[in-house]
1. Just give me the residues in the range 111-142 being open to solvent by 40 Å² or more (accessible area, probe 1.4 Å) and of a type in the set (Gly, Ala, Ser), in sequence order.
2. Considering the range 86-144 alone, what residues qualify as being of a type in the set (D, E, K, R), in a helix (DSSP H, G or I) and within 15 Å of Leu45 (Cβ to Cβ)?
3. Is at least one residue of the range 92-110 out of contact with any Phe, Trp or Tyr (no Cβ under 7 Å at 6 or more places or on another chain), open to solvent by less than 50 Å² (accessible area, probe 1.4 Å) and over 27 Å from Glu63 (Cβ atoms)?
4. Looking only at the range 13-25, count every residue that is free of Cβ contacts under 8 Å to residues at least 12 places away in the same chain and open to solvent by 30 Å² or more (accessible area, probe 1.4 Å) and tell me the total.
5. Looking at (1) open to solvent by less than 50 Å² (accessible area, probe 1.4 Å); (2) over 16 Å from Arg20 (Cα atoms); (3) among the hydroxyl-bearing types (Ser, Thr, Tyr), which is the only condition Ser47 fails?
6. Looking at Gln40, Gln28 in this structure, which one is open to solvent by 60 Å² or more (accessible area, probe 1.4 Å), modelled with pLDDT under 75, more than 23 Å from Gly106 (Cβ to Cβ) and not charged (D, E, K, R)?
7. Go through the range 117-132 and give me each residue that's modelled with pLDDT of 90 or more and in contact with a helix residue (DSSP H, G or I) (Cβ under 9 Å, 6 or more places away or on another chain).
Amino acid sequence: MRHSASLTDLGKKGDWLAVRRELISTQQDVEQAMTELRDQKMAHLISLGGWLRGLEICAGAVESNYTPDRAAVLWQRDLINYFAEEIKTLPPTVAHKPLFEKVRAGVGEIRDVLNKAPEAPALEQVKLLHAKAKELNLAIAAAD
């Protein structure tokens, strides 16, 4: 809750560097808590979910008030590449469930957007990124 409130507040202020730091801090807190429970795969999935929600919120904010500098903050290629590789390591009994197939496909689409765009993404690319993140978050939220 603390991170969520902070992300919202920082986004409203337009402090994108602080938003990025808060997202990283959120990921670290969640990963630490899950690692303490000794479930590293779950920690990665929860981190991915938090990052996807943050990406949707931030991309929407950048879309509303686009500048190339603000858009560049969204382009976290290393992070999406990491998550895409982590998803490949899920046990087959989990990986082949419909939800995780959707997540794998959605992360792949987001990865393509992030890896194909230049360092200063155009507004159209931000809109596409926002749409992909929102679509994936809705699919996750709708899962039983």
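1. Across the range 111-142, the qualifying residues are Ala120, Ala131, Ala141, Ala142.
2. Glu86, Glu101, Lys102, Arg104
3. Yes, the range 92-110 contains at least one residue that is out of contact with any Phe, Trp or Tyr (no Cβ under 7 Å at 6 or more places or on another chain), open to solvent by less than 50 Å² (accessible area, probe 1.4 Å) and over 27 Å from Glu63 (Cβ atoms).
4. So the answer is 4.
5. (2)
6. Result of the check over Gln40, Gln28: Gln28.
7. Of everything in the range 117-132, those that are modelled with pLDDT of 90 or more and in contact with a helix residue (DSSP H, G or I) (Cβ under 9 Å, 6 or more places away or on another chain) turn out to be Pro121, Ala122, Leu123, Gln125, Val126, Lys127, Leu128, Leu129, His130, Ala131, Lys132.
The values are calculated or read from the model by the stated rules, or taken from the named source; none is laboratory data. Note that this is a predicted model, so its numbers are computed, not measured. All Cβ positions, even for glycine, are placed from backbone atoms using ideal geometry, and neighbour counts span all protein chains on display. With ligands, DNA and RNA removed, areas are computed over all heavy atoms of the protein, side chains included. Shrake-Rupley method; radii C 1.70, N 1.55, O 1.52, S 1.80 Å.
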